[in-house]
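Have a look at the structure below, then the notes.
Nothing in this text is a laboratory measurement; each read-out follows from the coordinates by a stated rule. Predicted, not measured: the structure shown is a model, and the values here were computed from it. Here the Cβ positions follow ideal geometry from the backbone for every residue, glycine too, while neighbour counts run over all protein chains shown.
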Amino acid sequence: MRIHKQESGFSAVELVLVLVFVGAVGFVGWYVHHAKQATDKVLSSSSSSSATKTASSLSSTAPTVAGKSTVDSAAVQSSVNDINSSLAQNDKDLNSANSDLNDQSTFTSVPQ
C-alpha cells in the first residue's frame, strides 16, 4: 500500500506553531489573573487598614477615670458614623478602581 501525499498529516512546524500559540494564550491568561489578584489584594488591604487605623485612634483617645472609660455616647456614635462614612467612601473608591481595571483589561477597547 502506498501513502499518498494528501495523507501525510500535520508537519512538525505546524505542531510547534500550535504549541507556541497555546502557550502564549495560557501565559496571557495567567498574567492577567495574577495581576487582578494582586490589585484586589492591595485595594482590600488599604481599605481594611484605614478602618483599623480609625478604630485604633478612637480607642486611644478615650478618657479614663480610675480605670473606667468615661466616653460620651454621642461622641462614640459620631465616631462610628465617621468610620461608616469612611468605609462607604472606600467601597466607592474600590468599585471605581475595579471598573477602571475592567475597562482597561478588555481587548475590544481602542485608545483614543
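For this structure, a couple of remarks:
- Two-site FRET efficiency, Val20 against Ser99, from Cβ-Cβ distance with R₀ of 30 Å, rounded to 0.05: 0.30
- Annotation for Ser8 and Asn81: the two label points, set 7 Å from Cα along the Cα-Cβ direction, are 8.2 nm apart.
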